[in-house]
1. Stokes-Einstein at 20 °C, 1.002 mPa s, Kirkwood radius from Cα pairs: D for the range 19-119 in µm² s⁻¹?
2. List, in order, the whole-Hz ³J(HN,Hα) value for each residue of the range 98-114 obtained from phi through the Karplus relation with A = 6.51, B = -1.76, C = 1.60 and θ = phi - 60°; use x for Gly and Pro.
3. Starting from 0.36 nm per residue, how many nanometres of slack lie between Ser109 and Val42 once their C-alpha separation is accounted for?
Amino acid sequence: MRPTLRHPANQLRHAHRDIGQRAADMVTGFMGSWRFIGLQSVFIIAWIVLNVTALVRHWDPYPWILLNLLFSVQAAYASPLILLAQNRQVEHDRDAAEHDYAANREALSLIYRIHDAVAPPDTAITDPPDHTTDQMKGR
């Protein structure tokens, strides 16, 4: 099995997850998979078929109130776990963006140094206008 490559900004964060964060990742990873959708579909079909046919005692007749209750409980537990995983994903994306920004600034600095070392003295790289600063100031 190949080791998972992680963004440098998230290697430390991933290594120091607590048990609850690991559980949230595992549950949401499974609940967001096609395997879960398939297994739940088979479970629903089996539940309905067994309750409609006379093969077993009807423990949950037609409106399937018990089945709806199970779905409600599943949703009640799944929602907070999904929100926890999404919040951590936002933190992950923010760290990755900050790391990428720092790497881009370093690369730009390297490009300027290479240009100054290689290009004739009368040529210069002009900085592109910084539109983000203008937008932040409301211009």
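Each reported figure results from applying straightforward, stated rules to the coordinates on display, with no laboratory input. Note that the structure is a prediction, hence the values are computed from the model and not measured.
1. 118
2. Karplus values, whole Hz, x for Gly and Pro: 5, 5, 4, 4, 5, 5, 5, 5, 5, 5, 5, 4, 5, 4, 4, 5, 5.
3. 18.4 nm
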